[in-house]
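Structure first, then comments.
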Amino acid sequence: MEVKYLKPWESELNICIRCGYCYENCHLFKISSWESDSPRGKLILIYGLLTGAIEPTEEISRKIFECFYCRLCENSCSANISVTEIITDARKTLIEAGFDVEGTTALVDEEICSGCGVCVSVCKTEATSLEEEEGGKKKASVDKSTCEGCGVCIAACPSGARKLEEGYKVSQKELLTEIRKILEVTN
């Protein structure tokens, strides 16, 4: 696997002291309590990919694509590691290597996408674009390497074609379930 996007991060990955401050506020780590879901765990996996100590797999790709870019890990990092930038470049590397996983990236239901472009106009990372299909019809498309899973496109989509994979406690269904639980306790 070519690691051209990761090579520039080698010295910064070596600076990381694996202290663990980064995972204290990590939403994904709090859900699972698995080290591989924490920013530190992701950096270790990325370092393994960079050095060739580990081979990329679907599981490793999925872990690296699970990040909401809240940057709480960077704010608490005593070594000032650019965690989210490293993760973005690891995503690019994995996509080029042929791994296509969703993780926390926004998804497009092409069956109901009207191609209106509202999602394109609200995407702060420019990860969403309109692609022309056969017959001239346009559909939204997501660049999974730069999508931060913020959910703005999901909220803005008038046709309901944008969504996030469930399991991260942020989908509409999961949030409503949590709200109902809270309301049941308080009544």
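The values are calculated or read from the model by the stated rules, or taken from the named source; none is laboratory data. Treat the numbers as computed from the prediction; the structure is a model and nothing was measured. With ideal geometry, Cβ positions are generated from the backbone for all residues, glycine too; neighbour counts draw on all protein chains shown.
Tabulated data for the structure shown
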quantity: Any hit, the range 124-132, residues being in the same structural domain as Ile15 (by TED's automatic domain parsing), outside any loop (DSSP other than H, G, I, E, B), at negative phi and surrounded by fewer than 17 Cβ atoms within 10 Å (Cβ to Cβ); calculated: no
quantity: Unique residue being of a type in the set (Asp, Glu), surrounded by fewer than 11 Cβ atoms within 10 Å (Cβ to Cβ) and either without any contact (Cβ under 8 Å) to a residue 24 or more places away in the chain or assigned to a loop (DSSP other than H, G, I, E, B) (or both) when the list is Glu178, Glu174, Glu184; calculated: Glu184
quantity: Identity of the residue in the range 90-119, crowded, with 20+ Cβ neighbours inside 10 Å and touching a residue at least 60 places away in the same chain (Cβ under 8 Å), that ends up farthest from Leu50 (Cα to Cα); calculated: Thr104
quantity: Complete set of residues in the range 1-52 that are under 17 Å from Tyr69 (Cα atoms) and either touching a residue at least 60 places away in the same chain (Cβ under 8 Å) or outside the structural domain of Cys70 (by TED's automatic domain parsing) (or both); calculated: Cys22, His27, Leu28, Ile31
quantity: Meets criteria (of a type outside the set (D, E, K, R) and touching an Asp or Glu at 6+ places or on another chain (Cβ under 6 Å)) for Ser78; calculated: no
quantity: Among residues of the range 34-86, those that are crowded, with 19+ Cβ neighbours inside 10 Å, in a loop (DSSP other than H, G, I, E, B) and of a type in the set (Asp, Glu), counted; calculated: 1
quantity: Exclusive hit being among the charged types (D, E, K, R), within 15 Å of Ser145 (Cα to Cα) and not assigned by TED's automatic domain parsing to the domain that holds Ser171, set Glu55, Glu59, Glu85; calculated: Glu85
